[in-house]
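Note sheet for the following structure.
The values are calculated or read from the model by the stated rules, or taken from the named source; none is laboratory data. Note that the coordinates shown come from a computational prediction; the quantities given were computed from them, not determined experimentally. Glycine also receives a Cβ, built like all others from the backbone with ideal geometry; neighbour counts cover every protein chain displayed.
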């Protein structure tokens, strides 16, 4: 399936109509390399009721509990749209502005005036809360960055010989500018050696267009790839470690999953997701970013199929959600130092082939040009979900789209009754709360409980010249 000039927006649900998977197939709107089994809802979309605002649940995480930083700067993006170059090119996404967004976000998360001091506060808080003592980053400790390159799933849009991205060139992958800004922070502000950093998406390929500008500045960073790159520019082919990953639904007859080596060897993980809706999950943010962390496809034959736990199949609330296991396993979510959501060019996976502009204020018909950052993996996804719900009246409103956040926030006593313990073959040690969830008061004010003076819930801190 190639590009089509007559593609239309995928879901049109305003007024109560629904769209079925057969309509998706008929429209030819699944990207290359993303099979229908991988991405399609299997039932008509069912919308959920509007959530009750400002009712936090779970335990807020972070040096500043429940803090989510929203950096917004419209100068970061200058792309006229499809046919006018590509959004990831240097003349369309401003590297210096993105560098500033990452810098200010880190300083606000850490509550310090300088990049190095802010990172040190973040590392020290992580180590203290993980039983490692009041210590900062130490030379030689490995950092793995999980980015979302789902538009480059192995066997799809990337030419296997040249490693050029040849299809869906404007798909909503992690922006190379965000990745580069983060690498600059880790190497120059924190002092992490290049060879101690791994970055990539185990399920996907790392195309030349994204790899090139990163490798030219940081040639000794370990660039992760599902296949291992090519002879000219080799990447590191991701392999499995011997550390098992268990599903708390305790499926029988499924092949054993294992944690990939870059996660097993890392002392810290940084989760860099994208701001996207998802036709099967409602949203795909930091929680679902780990769907690519297991190296194999979510519904791969012989393995546990992760998809039935998504709301496109298991509608409503109070269900087991595999996302909670991914967010809570000791070597994935358990090692996560910082969560980031790249919101420069949001979109809809997998139906949309190009990003969508945001119409609500302050975006007013332009690119979202945003970055979210937090130490709380539940809080950051809650805020991103609210942004997507406010902007689009269809997919993010899917019945059960926020159920994984309820389950994660209350992982120690979830509504589903699931004994969440992805680290053991049988329920031995129940996960504690993974963070705090709530919805804002309204899309105009964007106020969460801590913004309203309460000592619980989320605090949304907007920064940047346009906030």
Within region 121-158, residues being under 17 Å from residue 178 (Cβ atoms), part of a helix (DSSP H, G or I) and touching a helix residue (DSSP H, G or I) at 6+ places or on another chain (Cβ under 7 Å) number 1
When region 225-237 is examined, which residues are found to be surrounded by 23 or more Cβ atoms within 10 Å (Cβ to Cβ) and touching a residue at least 40 places away in the same chain (Cβ under 8 Å)?
-> 226
For residue 141: the one exception among (1) within 17 Å of residue 263 (Cβ to Cβ); (2) buried (at least 20 other Cβ atoms within 10 Å of the Cβ) | (2)
Considering each residue of region 68-120, count those that are outside any helix (DSSP H, G or I), without any contact (Cβ under 8 Å) to a residue 60 or more places away in the chain and farther than 24 Å from residue 269 by Cα, and give that number.
-> 8
Regarding residue 259, is this residue touching a helix residue (DSSP H, G or I) at 6+ places or on another chain (Cβ under 7 Å) and under 29 Å from residue 63 (Cα atoms)?
-> no
Of the listed residues (15, 33), the one being farther than 13 Å from residue 353 by Cβ and either part of a helix (DSSP H, G or I) or at pLDDT below 95 (or both) is 15
In region 373-401, what residues are more than 16 Å from residue 276 (Cβ to Cβ), in a helix (DSSP H, G or I) and out of contact with any helix residue (DSSP H, G or I) (no Cβ under 7 Å at 6 or more places or on another chain)?
-> 379
Restricting attention to region 413-467, report how many residues are over 29 Å from residue 315 (Cβ atoms), surrounded by fewer than 17 Cβ atoms within 10 Å (Cβ to Cβ), touching a helix residue (DSSP H, G or I) at 6+ places or on another chain (Cβ under 6 Å) and at pLDDT 95 or above.
-> 0
Kindly establish whether residue 327 is within 30 Å of residue 127 (Cα to Cα) and touching a helix residue (DSSP H, G or I) at 6+ places or on another chain (Cβ under 7 Å).
-> yes
Determine whether region 418-425 contains at least one residue that is in contact with a strand residue (DSSP E or B) (Cβ under 7 Å, 6 or more places away or on another chain) and touching a residue at least 60 places away in the same chain (Cβ under 8 Å).
-> yes
Residue 211 vs (1) out of contact with any helix residue (DSSP H, G or I) (no Cβ under 6 Å at 6 or more places or on another chain); (2) in a helix (DSSP H, G or I); (3) over 15 Å from residue 224 (Cβ atoms): all pass except (3)
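Conditions tested, residue by residue: (1) modelled with pLDDT under 95; (2) more than 21 Å from the chain's Cα centre (by Cα); (3) buried (at least 19 other Cβ atoms within 10 Å of the Cβ).
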| position | (1), (2), (3) |
| --- | --- |
| 56 | no, yes, yes |
| 80 | no, yes, no |
| 84 | no, yes, no |
| 123 | no, no, yes |
| 129 | no, yes, no |
| 136 | no, yes, no |
Can you name the residue in region 155-182 that is surrounded by fewer than 18 Cβ atoms within 10 Å (Cβ to Cβ) and touching a residue at least 60 places away in the same chain (Cβ under 8 Å) and is also nearest to residue 348 (Cα to Cα) among such residues?
-> 155
Residue 243 fails exactly one of the following numbered conditions: (1) buried (at least 20 other Cβ atoms within 10 Å of the Cβ); (2) in contact (Cβ under 8 Å) with a residue 60 or more places away in the chain; (3) closer than 19 Å to residue 266 by Cα; (4) in contact with a helix residue (DSSP H, G or I) (Cβ under 8 Å, 6 or more places away or on another chain). What is the number of that condition?
-> (1)
